[in-house]
Amino acid sequence: MVPIAYYLILAAILFSTGVAAFLIKRNIITIFMSIELMLNAVNLTFVAFAHMWHLVQGQIFVFFVMVVAAAEAAVGLAIIIAIFRTRQTLNVDQINLLKN
Amino acid sequence: MQLALFLIFGGLAVAGAINLLLQKHPINSALSLVVVMMSLAVLYWSLGAEFLAAAQVIVYSGAIMVLFVFVIMLLNSGEEENTHGSRAAYIAGFPGAAAIFCLLSFVFLSESKALGVANLGGQLSQATNNIVEISSVLFTKLLLPFEVTSVLILVAILGAVVLARKEQ
């Protein structure tokens, strides 16, 4: 017997940690990982609400989010490899070709 | 039982997330993210989503994080260094994240009564089994979105191959 609100607050903690990591981290791979953390936090709210309504539609939504996250990880990591080939760095402060 | 599971694995997930934030080396962050995902799988299981718990372990911890670790090793990524951009990010990042957390938890706590409580295992309204219910909905009502995801995966594979290919 755990209130659903506790699960949602856990998801809020994970999501805001992901936001903080996204803003603070300078390594592009770590930034990408914090996006995955935020996706996981949202998945937890979906599962908690699906449990609350006794329906599986929320769980199916999580399944689709997982599929999209897998596709996004494959493409994103390919882009990171391409950036590293051309710029020889993973620091987002040095990837500023559009700025100058 | 469920409260103990929630406290142990919820605490583990929060500790992993904070560790991701604090570690300097990307490989340490990746490994702490694996801890977060494994403890979220246990929480999914305790909420009655057995299929998602298995998929979380297989897809997230097994496939996506291994891909991350491979890329970190392939690019030989070292510790990140502090720059002037990171100081500005500290000033904006922590208050922004704290504000998001306060807003979300205020909404959740003020609606706490209406949200109700979670029981271990969960009970679906008409189904006997979580996986039976998921597959019957996924392959009848949501067949078209399911097929579209296969096209999405195909496009992602082609895109990854084209982007990561060596320039001639």
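See the values below:
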{"quantity": "Share of carbon and sulfur in the accessible heavy-atom surface of the range A:22-79 [1.4 Å probe, %]", "calculated": "87"}
{"quantity": "Normalised alpha carbon radius of gyration of the range B:1-45 [divisor 2.2 N^0.38 Å]", "calculated": "1.18"}
{"quantity": "Listed residues B:E147, B:E133 arranged by accessible area, highest first, probe 1.4 Å", "calculated": "B:E147, B:E133"}
{"quantity": "Calculated on alpha-carbon atoms, Rg and Dmax of the range A:13-100 in Å", "calculated": "16.2, 54"}
{"quantity": "At 1.306 mPa s and 10 °C, Stokes D of chain B from Kirkwood alpha-carbon radius, µm² per second", "calculated": "80"}
{"quantity": "Solvent-accessible area, 1.4 Å probe, carbon plus sulfur percent, for the range B:126-168", "calculated": "71"}
{"quantity": "Gained length - B:L120 relative to B:A4, 0.36 nm times residue gap less alpha-carbon distance", "calculated": "40.6 nm"}
{"quantity": "Ellipticity estimate at 222 nm from DSSP helix runs (n ≥ 4, -39,500 (n - 2.57)) divided over chain B, nearest 500", "calculated": "-24000 deg cm²/dmol"}
{"quantity": "Summed buried accessible surface, chains B and A, 1.4 Å probe, nearest 100 Å²", "calculated": "7000"}
{"quantity": "Rg(Cα) / (2.2 N^0.38 Å) computed for the range B:126-168, rounded to two decimals", "calculated": "1.83"}
{"quantity": "Mean accessible surface per residue for chain B, computed with a 1.4 Å probe while every protein chain stays in place, in Å²", "calculated": "57"}
{"quantity": "Nonlocal amide H pairs with B:G48, under 5 Å, H built at 1.01 Å", "calculated": "B:G121"}
{"quantity": "Anchor A:K99: lysines whose Cα lies under 28 Å away (excluding residues fewer than 8 positions away in-chain)", "calculated": "A:K25, B:K24, B:K166"}
{"quantity": "Base-10 log of normalised Debye intensity for the protein assembly as shown (one unit scatterer per alpha-carbon) at q = 0.07, 0.08, 0.12 Å⁻¹", "calculated": "-0.27, -0.35, -0.77"}
{"quantity": "The range A:85-100 residues near the modelled B:E167 label - backbone nitrogen below 19 Å, point 7 Å along Cα→Cβ", "calculated": "A:85-91, A:94-100"}
{"quantity": "Cut-off under 5 Å, modelled amide H: who pairs with B:A118 long-range", "calculated": "A:V2, A:I4"}
{"quantity": "Dipole of the protein assembly as shown [Lys/Arg +1, Asp/Glu -1 at C-beta], most positive-end residue of B:N28, B:A53, B:V66", "calculated": "B:N28"}
{"quantity": "Chain A: angle of helix A:4-24 to the longest principal axis, Cα-based, in degrees nearest 10", "calculated": "10"}
{"quantity": "Karplus (6.51, -1.76, 1.60) ³J(HN,Hα), θ = phi - 60°, over the range B:23-36, in Hz, Gly and Pro reported as x", "calculated": "5, 8, 8, x, 5, 5, 5, 5, 5, 6, 5, 4, 4, 4"}
{"quantity": "Under Karplus coefficients 6.51, -1.76 and 1.60, residue-wise ³J(HN,Hα) of the range A:76-91 in Hz, glycine/proline x", "calculated": "x, 5, 5, 5, 4, 5, 5, 4, 5, 4, 8, 9, 6, 8, 10, 7"}
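The values are calculated or read from the model by the stated rules, or taken from the named source; none is laboratory data. Note that the structure is a prediction, hence the values are computed from the model and not measured. Every residue, glycine among them, receives a Cβ derived from its backbone with ideal geometry; neighbour counts consider all protein chains shown. Please note that ligands, DNA and RNA were not included when accessible areas were found on the heavy atoms of the full protein model with its side chains. Shrake-Rupley method; radii C 1.70, N 1.55, O 1.52, S 1.80 Å.
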